[in-house]
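Derivation of every value follows stated rules applied to the coordinates shown; laboratory data play no part. This is a predicted model, so every value here is computed, not measured. Reconstructed Cβ throughout: ideal geometry from the backbone, glycine too, with neighbour counts over all protein chains shown.
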Amino acid sequence: MRRVLLCLGIAVLAAGCSGSPKTSANSGNRFAIAVTDSGFVPASIDIPADQPVTLVVTRKTDATCAKQIVFADQGIHKDLPLNQAVEITVPPAPKGEITYSCEMGMVSGKLIVQ
């Protein structure tokens, strides 16, 4: 009986762990962005219209000028310390695009509001 319960418990845990974790890229209105040697990854994210979203931005390299993220039209300017997650709340927006970049404008990305 003990062995059956143990197997059942393992099966339940395995079923609950199938698939990718929600926190990896998108969980509700939370979106992960990494700053790598390639820039902002992903460089484009679809977000819902008329709802606030939270971006969790983590700079994973020192070999980039993207040590800050700037949403010029929204007046958002945040430092991105190396290997530290920075949460940025983007206010509700109508359908369209919201662009962001490093402070120098050399590395950029966009939010596609749908």
Q.
Tell me whether the stretch 21-113 comes out rounded, prolate or oblate; compute the Cα gyration tensor, take square roots of the eigenvalues as a ≥ b ≥ c, and use a/c under 1.5 as the rounded threshold.
A. oblate
Q: Mind listing the long-range amide H neighbours of R59? Cut-off is under 5 Å, sequence gap 5 or more, other chains count too, H placed in the peptide plane at 1.01 Å from N.
A: V35, N83, Q84
Q: Restricting to the stretch 21-113, compute how many DSSP beta bridges are antiparallel as a %, nearest 5.
A: 65
Q) Tell me, what ³J(HN,Hα) does each residue in the stretch 87-96 have, in order and in whole Hz, if you take phi through Karplus 6.51 cos²θ - 1.76 cosθ + 1.60 with θ = phi - 60° and put x for Gly and Pro? A) 8, 10, 8, 9, x, x, 9, x, 4, x
Q: Provide the per-residue ³J(HN,Hα) series for the stretch 37-51, in order, calculated from phi with Karplus coefficients 6.51, -1.76, 1.60 and θ = phi - 60°, each as a whole number of Hz, with x at glycine and proline positions.
A: 4, 8, x, 7, 10, x, 7, 9, 9, 7, 10, x, 6, 6, 9
Q. Where does the charge balance sit around K110 when Lys and Arg score +1, Asp and Glu -1, over other residues with C-beta under 12 Å from its C-beta?
A. -3
Q: Under 11 Å from the Cβ of L82, count the other residues' Cβ atoms, weight Lys and Arg +1, Asp and Glu -1, and hand me the total.
A: +1
